[in-house]
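Colleague: Have a look at this one before I ask anything.
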Amino acid sequence: MPGEQTLSELAGLFADGGPVMFILAFIGVVLYSTATAALFFVSRSNLTTKRQECWASWIQKPVSGEGRDGEIIRYALHGSRISTTTVERRFDEIREVVLNSIDRRLIIIASLIAVAPMAGLLGTVGGMLDMFDGLANASGKKSMDKIQSGMMESLLSPLTGLVIALPGMFLALHIRQKRNWIAAALMQLESAILRIRFKGI
């Protein structure tokens, strides 16, 4: 079957890449599971300025607020004795929870994106050493097999490292853009609350 043949070819390429491929596989799994979790988090934190025209009425009557915007407004204005200091402190708490959580994931993603090509280069060094070993003992089929396997390892491992890293870079850029949108929306929402609720102070 075509599917089984493709899987067999991929397994063969994985084996030809040498032991570094196991490191690269681990890096890929951690990188993309972390990126998926970060994407889910920023998508769930659907705080944008699209409903900015509703903020004034929600700030005047917090129970009418909808979505994540409404939740934040209700939290910021909860209680009978609300001051500008209280609102600012609560927004600092929100930023601590939301933005720092995204930033921690971005640090992991950026680190793994940098590590993947380096791990691929490690495979290149290992493959080159195998090739030189085969050339030094150039005698018969065994030596040629060693040269061939070393060449395959030196080519496949850096290619795999780049294949893992490049899509991760675009994912990281997308996540960072969403993070910046959330930060900007939080700043604008805080400013709107302070301006509307405490304009007479």
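The values are calculated or read from the model by the stated rules, or taken from the named source; none is laboratory data. Everything numeric in this text was worked out from a predicted model, so none of it was measured. Note: accessible area is taken over every heavy atom of the protein model, side chains too, but ligands, DNA and RNA are not part of it. Shrake-Rupley method; radii C 1.70, N 1.55, O 1.52, S 1.80 Å.
Colleague: Heads up, I need the accessible area for LEU166: 1.4 angstrom probe, whole protein in place, Å², nearest 10.
Modeller: Probe radius 1.4 Å; accessible area of LEU166 about 90 Å².
Colleague: Heavy atoms of the protein only, probe of 1.4 Å, neighbouring chains included. What is the accessible area of SER80 in Å², nearest 10?
Modeller: Counting only protein heavy atoms, the figure is 120 Å².
Colleague: Moving on to the next point. Which value in Å does the Kirkwood hydrodynamic radius of the range 23-78 take, with 1/r averaged over all unlike C-alpha pairs and then inverted?
Modeller: Values: mean 1/r = 0.0748 Å⁻¹.
Value: 13.4 Å, from the Cα pair sum.
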